Amino acid sequence: MTTLVSRSQQPNQLNAFHGVWLLAVMSVVDSYNFPWTPCHVLPCRPLSTGLKGPHALIRRPLLRYPTIHVELPPAQTRGGGIAMMMVGRGMQGNAQSLRERAFEAARGGNPSLAADLFNDYLQQESSAATCDFAALNCMGAMSAQLGRFEEAVSSFQKALAASAPEANLPAVRESRTNTFFNLGNACTALLRHREALAAFTQVSQLRPDDAEAFINMGNALATLGDMSKALGAYERAIAIDDTSEIALLNCGNALCDTGRNR
């Protein structure tokens, strides 16, 4: 008589067979040392908060390396040099005192007090609001340090207008270059990238050996979507300073974004 195996009994027999088979395989595997190669992981490029996406660019610190330009007249003079070059000779004593106290506060690292004193001075001395380059420029720097970038942009623009008549003088030219740089950084903080680009372009023309200006130009161009020109700006920065890690990294990112990464 043939004994039939029900379906309920078949799984137990199969499980026993599989168990014997697995033990045999494991004994063979244990007798060999299989070499294996670890997976190579490509390093990630650092990302920044400036741009989104896989090829985000490292933005430079907002207020230049390491901070915004703050130009102050010598402490022992009554605002000589460029400072007084732009100011009328009939300044009242109280206005002059406010001006000097404002610069002193700036030297002492008190931007809030300096900004308030500059504001009082410019309100009292009406002509200074359009011709005192040093005060307007320093007031813009103090406003930027306080994060009041709208005020900073306004002050820097007024300072540039005030210094325009003397723009060809070497000392004034250098100060105006720094002011354009400050203006570009303040506009960047306000996401006004076209204005920032215009300001940094001025810096690159007035000071063509400034690698940082070309880096900032490149960042503005990249933000505006012109990666080809951004790449040119980064390459120019590297030509000036081939040790700049930010210029090298941004240039590599731009090469990837323009399909020239092979």
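Bear in mind that the values in this text are calculations on the coordinates, not laboratory data. The structure presented is a predicted model; accordingly, all values stated were derived computationally and were not measured. Neighbour counts are summed over all protein chains in view; Cβ atoms, including those assigned to glycine, are modelled from backbone coordinates with ideal geometry.
Calculate the FRET efficiency for Ala161 and Arg260 from the Cβ-Cβ distance with a Förster distance of 30 Å, rounded to the nearest 0.05.
Values: r = 42 Å, r/R0 = 1.38.
Plugging the Cβ-Cβ distance into 1/(1 + (r/R0)^6) gives 0.10.
Taking other C-beta atoms within 10 Å as the exposure proxy, Cys187, Cys138, Cys131 rank Cys131, Cys187, Cys138 from fewest upward. Under the shape rule built on the C-alpha gyration tensor, where the axes satisfy a ≥ b ≥ c, segment 175-262 is oblate, since a/c reaches at least 1.5 while a/b does not exceed b/c.
Quick one: dipole size for segment 82-257, taken about the Cα centre, charges +1 on Lys/Arg Cβ and -1 on Asp/Glu Cβ, in debye to the nearest 20. So the magnitude is around 420 debye. Residues Glu125, Glu151, arranged from fewest to most other Cβ atoms within 10 angstrom of their Cβ, appear as Glu151, Glu125. For Ala239 and Thr130, a Förster radius of 41 Å and the Cβ-Cβ distance give a FRET efficiency of 0.55, rounded to the nearest 0.05. Counted residue by residue at 0.36 nm each, then reduced by the alpha carbon distance between them, the extension gain from Glu150 to Asp209 reaches 18.3 nm.
Evaluated with a Cβ-only charge set (Lys, Arg +1; Asp, Glu -1), segment 163-222 carries a dipole of roughly 180 debye about its Cα centre, given to the nearest 20. Straightening the chain between Gln123 and Leu248 buys 40.4 nm, computed as 0.36 nm per residue apart minus the Cα-Cα spacing.
Between Ala171 and Ser228, the C-beta separation translates, for a Förster distance of 30 Å, into a calculated FRET efficiency of about 0.20.
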